[in-house]
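Structure first, commentary second.
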Amino acid sequence: MDGPRQEAALDEEEDMVIIYNRVPKTASTSFTNIAYDLCAKNKYHVLHINTTKNNPVMSLQDQVRFVKNITSWKEMKPGFYHGHVSYLDFAKFGVKKKPIYINVIRDPIERLVSYYYFLRFGDDYRPGLRRRKQGDKKTFDECVAEGGSDCAPEKLWLQIPFFCGHSSECWNVGSRWAMDQAKYNLINEYFLVGVTEELEDFIMLLEAALPRFFRGATELYRTVGKKSHLRKTTEKKLPTKQTIAKLQQSDIWKMENEFYEFALEQFQFIRAHAVREKDGDLYILAQNFFYEKIYPKSN
């Protein structure tokens, strides 16, 4: 051929990119470790998105760079990207093939309690690392009773903005528009959103639907992951009923909890149509749709 050489197009499965914009303290490290364990065997790349000061909102110029890298970096495809970054709409940048978004969320109060103690005592994943609030021995109950800033209802506002995205309104605490947008994105832009409390089922569904990345993930999690991957925050003390009741009076909790229950209902609906339970175990359903024979009309 005399014309310019055309770059070879990647096979459909080899062109896949998954983005896991992980919410802090939702078992995200546990799940990401599964991806790291499988990447060599299943032949894909895992890349950590590490933003300056863990800022979940990117500058406009970084958004452009990020989108360009993910869509054109063929050497890193298939790719699994993970990081504490809020949802970014690739369609706004004129991208023809968007990445596949997945995520996991958690009961909002449980997530905040875990994060509170994590900042003070760390966890068993990197026990020697000094945390930002190390030395502060105040319990979560004491913090709430004293009206402390680290346990204020405003600190619950995190899962909604992570799903809402990079718009300013997403980060306005208590914004009804932000919650509605987060719900819209969860339904329309995310392939699957699991919950921390049912992480194994989330992994099972991903393996059934996206085996190119997650083949072997369920067995790996069952045999190894529950022991070695589950990251436990140390020194964590469960809050009292009085503390929980006080937080639940907040409109911010009501919105974050509404979003969590919305996500949980959606996940359970998807699971109910994908698996069956037998003798206490879940089994993935085989293909359950068929094509009828269609004959041409005879003259």
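The values are calculated or read from the model by the stated rules, or taken from the named source; none is laboratory data. Predicted, not measured: the structure shown is a model, and the values here were computed from it. Heads up, the Cβs are rebuilt from the backbone with ideal geometry, glycines too, and the neighbour counts pull from every protein chain shown. The area values use the complete protein model at the heavy-atom level, side chains included, leaving out ligands, DNA and RNA. Shrake-Rupley method; radii C 1.70, N 1.55, O 1.52, S 1.80 Å.
For segment 9-55, name all the residues that are open to solvent by less than 20 Å² (accessible area, probe 1.4 Å) and assigned to a strand (DSSP E or B).
Listed by number, the residues that qualify are V17, I18, I19, Y20.
Among the candidates F191, F202, which residue alone is aromatic (F, W, Y) and in contact with a Gly (Cβ under 7 Å, 6 or more places away or on another chain)?
Just a single option satisfies the conditions, and that option is F202.
For F290, are the conditions met, namely being surrounded by fewer than 13 Cβ atoms within 10 Å (Cβ to Cβ), modelled with pLDDT of 85 or more and either part of a helix (DSSP H, G or I) or over 20 Å from the mean Cα position of the chain (by Cα) (or both)?
yes
Step by step: first the residues of segment 56-84, then only those that are over 25 Å from P24 (Cβ atoms) and basic (K, R), then the one that is most open to solvent (accessible area, probe 1.4 Å). Which residue is that?
Across segment 56-84, the extreme among qualifying residues is K68.
If you check A40 against the conditions, is it at pLDDT 95 or above and out of contact with any Phe, Trp or Tyr (no Cβ under 9 Å at 6 or more places or on another chain)?
Criteria met by A40.
Listed here are the residues, each with its yes/no results for (1) out of contact with any helix residue (DSSP H, G or I) (no Cβ under 7 Å at 6 or more places or on another chain); (2) open to solvent by less than 40 Å² (accessible area, probe 1.4 Å); (3) not in a helix (DSSP H, G or I).
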site	(1), (2), (3)
P239	no, yes, yes
I244	no, no, no
K254	yes, no, no
F259	no, yes, no
A263	no, yes, no
R271	no, no, no
E277	yes, no, yes
L282	no, no, yes
A286	yes, no, yes
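Kindly establish whether S168 is over 17 Å from the mean Cα position of the chain (by Cα), open to solvent by 40 Å² or more (accessible area, probe 1.4 Å) and of a type outside the set (A, V, I, L, M, F, W, C).
Answer is yes for this residue.
What number of residues in segment 85-108 are open to solvent by 10 Å² or more (accessible area, probe 1.4 Å), part of a helix (DSSP H, G or I) and in contact with a helix residue (DSSP H, G or I) (Cβ under 7 Å, 6 or more places away or on another chain)?
Going through segment 85-108 one residue at a time, the tally reaches 1.
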